[in-house]
Amino acid sequence: MKTIRIKGIDLCYEIFGEGNSKNIVLISGLGSQMIRWDSKFCDLLVKRGFKVVRFDNRDSGSSVYNTKNEIPFDKGIEQTFATLSKESIPYSLMDMTNDVIGLLDYLKIEKAHIGGRSMGGIIAQLLGSYYPERVLSLTIIMSTSLNPTLPKPDPEVMAMMTKVSADPFLHREEYFEEKLHFAEKISGSKYLFDPNQEKVLIEEELHRSRTKNGIIRQLMAMGSFQYDPNMLKKITAPALIIHGTDDLIFHPECGKDIADSIPGSEFVLIEGMGHSIPEELHNTISESIVSNINKKLPY
């Protein structure tokens, strides 16, 4: 793993398959680290001829948004949001999109295939719309266009996401209980949830974390996003939209809305998949990505 400085952001990234010529960049979700793009999944894409770039978004994992204006956060996300003005939002989703372009420039990658999950899927949409010359294909997984008319997240899951978490250094057991409960809740009904495997991942995330209140700033970026119904219509790259029937954060209608809005896109609905990518689906999803990349659009 390496870290570079891009306009005040320390961006941590990792490359699999250095010798391959086809580039694919994987973008993580809200508060999610690049290790959620499992190394076994990345290796499957490497075997299919890709150089895989995964990275931590600013304010997550080992990527740091350097700011002197720290946001106090001791009353919960909703109350914190209520005291902020639009002008005080630290950065936007477009800023996060430009981080990807900065990384591509640094790596001297002129064009790449893009994969984004959850919030990373929104960033992928922005890349496809505003930087079409840099995007060869799009795969958007368990994401949304943030269309305000779409179904809202499950209230219980939303409450779990917005509550103040236990301090992992002061109340370790409580912290892990909260994280494991949330991960199981969003995992879907068809694929077995492995708490031991999840605990190992949470441990690694704790070890890698270099930021404070990062998820709050990322939420602000999402919350300040202005939905534009014409944005997705501008996308010309082959687009694959993958969603699970059991997604409690972004209802399946969110995925269908993206697919309906991007010309020529393909929508794949996976039965029993929640808001995560279980190992049992690694082959299915990686093969779908390659199939989309090889697809020729009819226009």
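The values are calculated or read from the model by the stated rules, or taken from the named source; none is laboratory data. Being a predicted model, the structure only gives us computed values, none of them experimental. Cβ placement follows ideal geometry from the backbone for every residue including glycine, while neighbour counts extend to all protein chains displayed.
Observations
- Filter pass, residue 259 being at pLDDT 95 or above, within 30 Å of residue 155 (Cα to Cα), of a type in the set (A, V, I, L, M) and in contact with a Ser or Thr (Cβ under 7 Å, 6 or more places away or on another chain): yes
- Residues in segment 250-277 that are assigned to a loop (DSSP other than H, G, I, E, B) and surrounded by fewer than 20 Cβ atoms within 10 Å (Cβ to Cβ): 251, 263, 264, 271, 272.
- Of the set (1) part of a helix (DSSP H, G or I); (2) farther than 20 Å from residue 153 by Cβ, all apply to residue 228 but (1).
- Residue match in segment 87-94 (condition: part of a helix (DSSP H, G or I), in contact with a helix residue (DSSP H, G or I) (Cβ under 9 Å, 6 or more places away or on another chain) and at pLDDT 95 or above): yes
- Odd one out for residue 51, checked against (1) outside any strand (DSSP E or B); (2) free of Cβ contacts under 8 Å to residues at least 40 places away in the same chain: (1)
- Of the set (1) farther than 23 Å from residue 40 by Cα; (2) out of contact with any helix residue (DSSP H, G or I) (no Cβ under 7 Å at 6 or more places or on another chain); (3) surrounded by 12 or more Cβ atoms within 10 Å (Cβ to Cβ); (4) without any contact (Cβ under 8 Å) to a residue 60 or more places away in the chain, all apply to residue 203 but (1).
- For segment 1-18, residues that are closer than 9 Å to residue 50 by Cα and either assigned to a loop (DSSP other than H, G, I, E, B) or of a type in the set (Val, Ile, Thr) (or both) total 2.
- Qualifying residues in segment 43-60 (those that are acidic (Asp, Glu) and under 28 Å from residue 222 (Cβ atoms)) - the one modelled with the lowest pLDDT: 59
- Some residue of segment 188-211 being assigned to a helix (DSSP H, G or I) and among the small types (Gly, Ala, Ser): no
- Total residues in segment 17-40, condition over 19 Å from residue 206 (Cα atoms) and polar (S, T, N, Q): 3
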